[in-house]
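Just below is one structure, and these are the notes that go with it.
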Amino acid sequence: MLKTAGAAGVGLLIGGSGIGGLLTLTDAKQTKEQSKKDIVPFYGGHQAGITTPAQNHIYFAALDLTATDRNELVKLFKDWTSAAAAMTEGKAVGELSSNEYVPPKDTGEAAGLSAANLTITFGVGPGLFVKNGVDRFGLKSRKPKELNDLPSFEFDALEEQWTGGDICIQACADDLQVAFHAVRNLVRIARGKAVIHWAQSGFQRAKQAGSEKETPRNLFGFKDGSINPDVANQKEMNGQVWVQPGDGQDWLAGGSYMVVRKIQMFIEVWDRSTLREQEATFGRHRDTGAPLGQKNEFDKADFNAKDKNGQPVVPIDSHMRLAKGDGKQQILRRGYSYADGMDPQTGSFDAGLLFIGFQRNPETQFIPMQKRLARNDKLNEYTSHKGSAIFAILPGVERNGSIGETLFL
Ligand code: HEM
């Protein structure tokens, strides 16, 4: 009976035989109804997880491909698409089975949980196209010219264990267990074809703890994300975030570029600096988030204003001022804080920012911005870039399509 029971039938078993593990995998009606409001559509012209309001948690993984055959790769993305679509609806991966002699298809830890606004976003790194000079999957001619390992920036302290990756999976959800479950099952499906290179979880203040309308604060206590392109403004998104037809490789139209930087923040050092020093570092007031010299968070900064000593009110080397530059280029920042216990070498917190920025062209957006920051940003006294990666975020797909289909055509 168990073997023939479809997803709807399994609900019948509740309270029956007491086979706990199986029963929890039900997607019985009630759970479904309850969780509908927590579902972010997986299918669409763009992948979710970019303009989606940031969920409470992230679990991010960068994978290296071990597959050598293009067909294996195509199959992997097909399998990932159906699994990801199911999980974002709060469903288990694969059909249920009572076969005691094989491992269950779904690992089970998200059973009974809502979708928690889970989004799963896939991207491909430069190594998918060419690695050590080898055209691994016959895709070399399809490599976007902007998709290259990032140049090294002054004072980078990158560690191989946090850097690069052929593929990325960004899972964001309002529940970390749901996000982890997603990545775990996708990695499991990739067994024999890809392995994890690095992974990082992250958080921001939970929606339950703070108003969604308020800009969240980073681990230095400052509002972070005040100035960002407006995700509701299609024109702005097309200009700054989505790759457009004619930009280069048309298979990527509707996709984006993601830059990820694992940036350690020396929070103990920060905590010993004065409020004045802290505010001068960002160029903003801590309490309100307003630009220095202004009252409110979204007031315009006055970069010409001078203090009584004739010095700029918003210091030349402040993070905000340098990041803004001439203001023409923006990046959609969607990062998360991380806190990974203690750094055993120093006894300090191992904490920081998993910086994630989406953009239409890294050569004119992230790279020049980070060059300015790496050289002069006052914030560098308190941070260290430990990891780095770049990915082309694949365009979205409609139902029955497969992520990456335009690339593999
Ligand atoms: C640990 C590292 C970082 C921290 C703690 C941090 C924090 C902040 C804060 C507090 C602000 C001001 C409020 C806001 O507009 O969100 C800001 C602005 C900004 N940051 Fe960062 N940031 C970091 C790294 C980066 C990096 C690596 C980049 C890109 C290369 C970047 C790009 C920007 C941009 C574009 C702005 C807005 C500037 C404007 O137009 O006013 N940040 N950041």
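The values are calculated or read from the model by the stated rules, or taken from the named source; none is laboratory data. Keep in mind it's a predicted model, so treat the numbers as computed, not measured. Glycine gets a Cβ as well: all are built from the backbone with ideal geometry, and neighbour counts include every protein chain shown. Each accessible area value is taken on the protein alone, full model and side chains, heavy atoms only, with ligands, DNA and RNA left out. Shrake-Rupley method; radii C 1.70, N 1.55, O 1.52, S 1.80 Å.
Which condition number does ASP377 fail, the rest of (1) acidic (Asp, Glu); (2) within 14 Å of the ligand (Cβ to nearest atom); (3) free of Cβ contacts under 8 Å to residues at least 60 places away in the same chain being met?
It fails just one condition, (3).
Looking only at region 217-230, decide whether some residue is more than 14 Å from the ligand (Cβ to nearest atom) and surrounded by fewer than 18 Cβ atoms within 10 Å (Cβ to Cβ). Step through it out loud before you land on a result.
Filtering region 217-230 for residues more than 14 Å from the ligand (Cβ to nearest atom) gives none.
No, there is no match, as no residue in region 217-230 is more than 14 Å from the ligand (Cβ to nearest atom) and surrounded by fewer than 18 Cβ atoms within 10 Å (Cβ to Cβ).
Give all pairs with beta carbons closer than 7 Å in which a residue from region 145-161 that is under 20 Å from GLU381 (Cβ atoms) and part of a loop (DSSP other than H, G, I, E, B) meets a residue that is open to solvent by 70 Å² or more (accessible area, probe 1.4 Å) and not small (Gly, Ala, Ser); count only pairs at least 6 apart in sequence or on separate chains.
PHE153/LYS371; GLU154/ARG375
Among the listed residues LYS91, LYS75, identify the single one that is open to solvent by 10 Å² or more (accessible area, probe 1.4 Å) and touching a residue at least 60 places away in the same chain (Cβ under 8 Å). Steps first, please.
Details: LYS75 fails: touching a residue at least 60 places away in the same chain (Cβ under 8 Å).
When all the criteria are applied, what remains is LYS91.
Does ASP340 fit the bill of being among the acidic types (Asp, Glu) and assigned to a loop (DSSP other than H, G, I, E, B)? Spell out how you get there, then give the answer.
Values: among the acidic types (Asp, Glu): yes; assigned to a loop (DSSP other than H, G, I, E, B): no.
For ASP340, the condition - among the acidic types (Asp, Glu) and assigned to a loop (DSSP other than H, G, I, E, B) - is not met.
Could you check region 162-179 and list, in sequence order, the residues that are under 23 Å from TYR257 (Cα atoms) and either without any contact (Cβ under 8 Å) to a residue 60 or more places away in the chain or open to solvent by 40 Å² or more (accessible area, probe 1.4 Å) (or both)? Show your work before the answer.
Start the filter on region 162-179 by keeping residues that are under 23 Å from TYR257 (Cα atoms), which leaves 162-173, 179.
Scanning region 162-179 gives a single hit, TRP162.
For region 336-376, which residues satisfy the criterion of being of a type in the set (Phe, Trp, Tyr) and open to solvent by less than 30 Å² (accessible area, probe 1.4 Å)?
Pass one, region 336-376, residues of a type in the set (Phe, Trp, Tyr): 336, 338, 349, 355, 358, 366.
Passing the criteria: TYR336, TYR338, PHE358, PHE366.
Residues checked against (1) touching a residue at least 12 places away in the same chain (Cβ under 8 Å); (2) out of contact with any His (no Cβ under 9 Å at 6 or more places or on another chain); (3) more than 30 Å from ALA389 (Cα to Cα):
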residue: GLN294; (1), (2), (3): no, no, yes
residue: ASP299; (1), (2), (3): no, yes, yes
residue: PRO312; (1), (2), (3): no, yes, yes
residue: TYR338; (1), (2), (3): yes, yes, no
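Hey, could you check region 279-290 for residues that are near the ligand (Cβ under 10 Å from one of its atoms), in contact with a helix residue (DSSP H, G or I) (Cβ under 7 Å, 6 or more places away or on another chain) and of a type outside the set (D, E, K, R) and say which is most open to solvent (accessible area, probe 1.4 Å)?
PHE282
It is to be established whether one or more residues within region 132-139 are touching a helix residue (DSSP H, G or I) at 6+ places or on another chain (Cβ under 7 Å) and surrounded by fewer than 15 Cβ atoms within 10 Å (Cβ to Cβ).
The answer is yes; a qualifying residue exists.
Can you tell me which residue is surrounded by the most Cβ atoms within 10 Å (Cβ to Cβ) among those in region 300-333 that are within 13 Å of the ligand (Cβ to nearest atom) and among the small types (Gly, Ala, Ser)?
Applying the first criterion (within 13 Å of the ligand (Cβ to nearest atom)) to region 300-333 yields 300-303, 314, 318-333.
Of the ones still in play, those that are also among the small types (Gly, Ala, Ser) are 301, 318, 323, 325, 327.
Numbers: ALA301: 21, SER318: 26, ALA323: 20, GLY325: 13, GLY327: 10.
Within region 300-333, the match that is surrounded by the most Cβ atoms within 10 Å (Cβ to Cβ) is SER318.
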